[in-house]
1. Ordered by residue, what ³J(HN,Hα) values in Hz, to whole numbers, does segment A:19-24 give under the Karplus form 6.51 cos²θ - 1.76 cosθ + 1.60, where θ = phi - 60° and Gly and Pro are x?
2. If amide H atoms are built 1.01 Å from N in the plane of the peptide, which residues on other chains or at least 5 residues away come under 5 Å of the amide H of residue B:41?
3. Calculate the spin-label point distance for residue A:43 paired with residue A:13, positioning each point 7 Å from the Cα along the beta-carbon direction, and give it in nanometres.
4. Could you check the spin-label model distance between residue B:73 and residue A:61? Points 7 Å from the Cα along Cα→Cβ, value in nm.
5. What's the average, rounded to a whole number, of partner chain beta-carbon atoms within 10 Å of each residue's beta-carbon in B:80-88?
6. How high is the relative contact order of segment B:138-201, in percent, with contacts defined as C-alpha pairs under 8 Å that are six or more residues apart?
7. Using only Cα atoms, locate the centre of segment B:57-80 and the centre of segment B:138-187, then give the distance between them in Å, rounded to an integer.
8. Between B:151, B:88, B:186, find the one with the highest GNM mean-square fluctuation for chain B; connect C-alpha pairs within less than 10 Å.
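Every number in this text was worked out from the coordinates using simple rules, so none of it is lab data. What you are looking at is a predicted structure, and each value in this text was computed from that prediction instead of being measured. Here the Cβ positions follow ideal geometry from the backbone for every residue, glycine too, while neighbour counts run over all protein chains shown.
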Amino acid sequence: MNSVHNNGENDKSLDEGMKKLDQAYTQLSDEQPPELLDQAILNRAHRAVENKPHWMQFGWLHGLTTTAVVVLAISLFLNQREQLPDFENDIQMSEPGRLRLENADKKQSPVMRASEQDMELKEERGKRLDANQAAPVATEPQSAAVEITIDEQAEEAVTDPLNSGYATKIPQTKPDSIDKDLSGNEPVLEEQLLGDTALADDVAEREVISKQAEPATVTIGLTGEIDNLAETDAEIEQQLQEIILLKQSGDEAWKIALERFKENHPGYPLPKELSD
Amino acid sequence: MYAKELLVNSQHALGDLIRIGYAAFMREISDEKLMQRYAKGDARAFDQLYARHRAPLYRYFIRQVNNPATANDLYQGAWEKIIKARHSFKPKAPFKVWMYRIAHNHLVDHFRRLRPEDSVEPDTLTNTGPDPSKGAIENEQNELLRAGISSLPVDQRNTLLLKLESGLKMEEIARVTGVGRETVKSRLRYAVNYLKRSLVE
């Protein structure tokens, strides 16, 4: 109680003393800062506000830029995350699959392959036309051999001209016969020889061709769709040429081949030789 | 000609009216809002704020060091710190407390920089009093009070001047000086008793 009482008395005396002191203090001379100092401080204060940093004047641009950078970073991050599983799959791919991919890479593009085949076919067609013009007599005896090949291979040619090997089959048989004609052998002898051996040769030849064609189908397996698209105009024209040749050789099979061609390529313009 | 002069005069009158109206508007605004306005770029808010606190703050410094040149330096330095720290001001705290805290810290830094032999001595402070020509006009009691304040220990003088010049409460002085309320009260009591004795003697 005494301490509280003393504290209260002390506070009272302090308050009274402060009041008296305050009255006396107000009578002291009122010192003021120099005017020059006032002006210097006010100028400093005004400059500080007026000279805003450049980035603060375009605060909205700063915010916009920050937002754009953040959005870009997030989108890049998400994009990377989406691509990551594919990459892992590539790594975990089985050995055969990887080899197949490597083979596919090593192989030429379908367009390049088609153009090369086109060139080869043109050369062969040229040879065949020359042979037809040079030895019209030889067409008769060959009709049997040609008939065999066309009956079976025309279907393959129409359905799958690239893989059938039909395109390369005819030129391989004809030049031989032409060479024989040119070398002076009688065509009849060849027909007789062909009667037994031609069939065997033909079968062997087809096996060889199918074996040659097999790797192509295996390696192209991954790009099968592209191969189907590779049936270019040149190949279709080549098929038409084959039919024309058949027609010129007097073989009635050309009609069947033409009908199949029309079924597979409806609306394709036919040359004059076939449109009659 | 008359119409032109009339137009110019009316423009001046309108400008004066706007200035007077704005000044009146500023006078009504609290220190805290003025500081906020200044922090947002309103330089005229600082003018008003400066006009309110220039004299007390200057007296706070000059009666601490009793040397006009040093007081000018300290005064300018303190205002520069206030200008720089304008964005850190929080309107929840009273502006006076914030401002005097900056001033007090600036003064403490100044005393720390002084070497022991340069430290403020009561005798020297008493000797470096006001202009003798002015002293003739001032009464003897004022002179004694000035000398008594100058001869107080630094902490007591600082606390007393904060009380007399800023009119801060004891709790606010405690926040400015970084000590407890009881310490502030004790320092004030010692200072008042000392000045009473010196004035009576």
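1. Each residue of segment A:19-24 in turn: 5, 5, 5, 4, 5, 5 Hz.
2. none
3. About 5.3 nm separates the two model spin labels.
4. Simple spin-label model gives 4.3 nm for this pair.
5. Working: counts 5, 0, 2, 7, 2, 0, 3, 0, 0.
Shielding by partners across B:80-88 averages 2.
6. Values: 43 pairs, mean separation 25.9, N = 64.
Result for segment B:138-201 is 41 percent.
7. So the two Cα centres are separated by 16 Å.
8. Of the options given, B:88 has the highest mean-square fluctuation.
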